Amino acid sequence: MRNAQVSRIYKILTLLESTRQGMTVKELHEKVLPPLDDDLAKAVSEFDSLADLRASVEERLRSFVEADVDRQFREDVVDELVKATGVDPQGLSVEVRTRDLIEGFVRTLQRRGIDPNAYLRATNLTGAELEARLRGEAKQSMAREIVLEAAADQLKIDVTDDEVRAELQEQGEEDQHIDEFFERGGAERLRPDL
């Protein structure tokens, strides 16, 4: 590994020399990682042994992968229902959802300190291409909602107050805020989305 690093440094220096750029190397540092042992596990986590830390990381990764596979499966099933029913949202509602997605995307970039124009340059996308991609996402998400709402109506599936409350708790809302939300009629607005 060290020989590979020295080889890379040599190539960089050779390249700089061939382009007639001057450079003086004052110091070279080699990154030394601590050994993977119980002491490291204690220092970086609440676990007393490397085996316990490893088991915890494996469990979290397994849970994440299982949740992602489950989400993808559900999404694929609903997408097949959309294809089978031929639902194709159009019009102003798609445009509004597209604008919401664009605005949300831009806000996310800005929160991360990324200039939207720099993002477009870095990803080699035009604004029109990004808008078209997000319009496709808007149409697909609206089609999913339409199909799921129709299925829920047909099957007479109702979302109970307890299910609304459980969903809000799962999202990290406090009981006091949930009670206030219910008092303001928020549950009725949220129910169709669940």
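The values are calculated or read from the model by the stated rules, or taken from the named source; none is laboratory data. Computed from a prediction, not measured in an experiment: that's the story for all the values here. Ideal geometry is used to build each Cβ from the backbone, glycine not excepted, and the neighbour counts take in all protein chains shown. To get the accessible areas, we keep the full protein, side chains included, count just its heavy atoms, and leave off ligands, DNA and RNA. Shrake-Rupley method; radii C 1.70, N 1.55, O 1.52, S 1.80 Å.
Here are some notes:
- Candidates 16, 53: the one that is modelled with pLDDT under 90, surrounded by 10 or more Cβ atoms within 10 Å (Cβ to Cβ) and in a helix (DSSP H, G or I) is 16.
- Selection count where residues are aromatic (Phe, Trp, Tyr) and exposed (fewer than 12 other Cβ atoms within 10 Å of the Cβ), scope the range 64-110: 2
- In the range 76-102, the residues that are acidic (Asp, Glu) and over 15 Å from residue 136 (Cα atoms): 76, 80
- Restricting attention to the range 96-109, the residues being in contact with a Lys or Arg (Cβ under 9 Å, 6 or more places away or on another chain) and either of a type in the set (Ser, Thr, Tyr) or without any contact (Cβ under 8 Å) to a residue 12 or more places away in the chain (or both) number 1.
- Checked against the criterion of being modelled with pLDDT under 90 and open to solvent by less than 60 Å² (accessible area, probe 1.4 Å), the candidates 118, 143, 138, 151 yield just one match: 151.
- Residue count, the range 165-183 (criterion: assigned to a helix (DSSP H, G or I) and over 20 Å from the mean Cα position of the chain (by Cα)): 12
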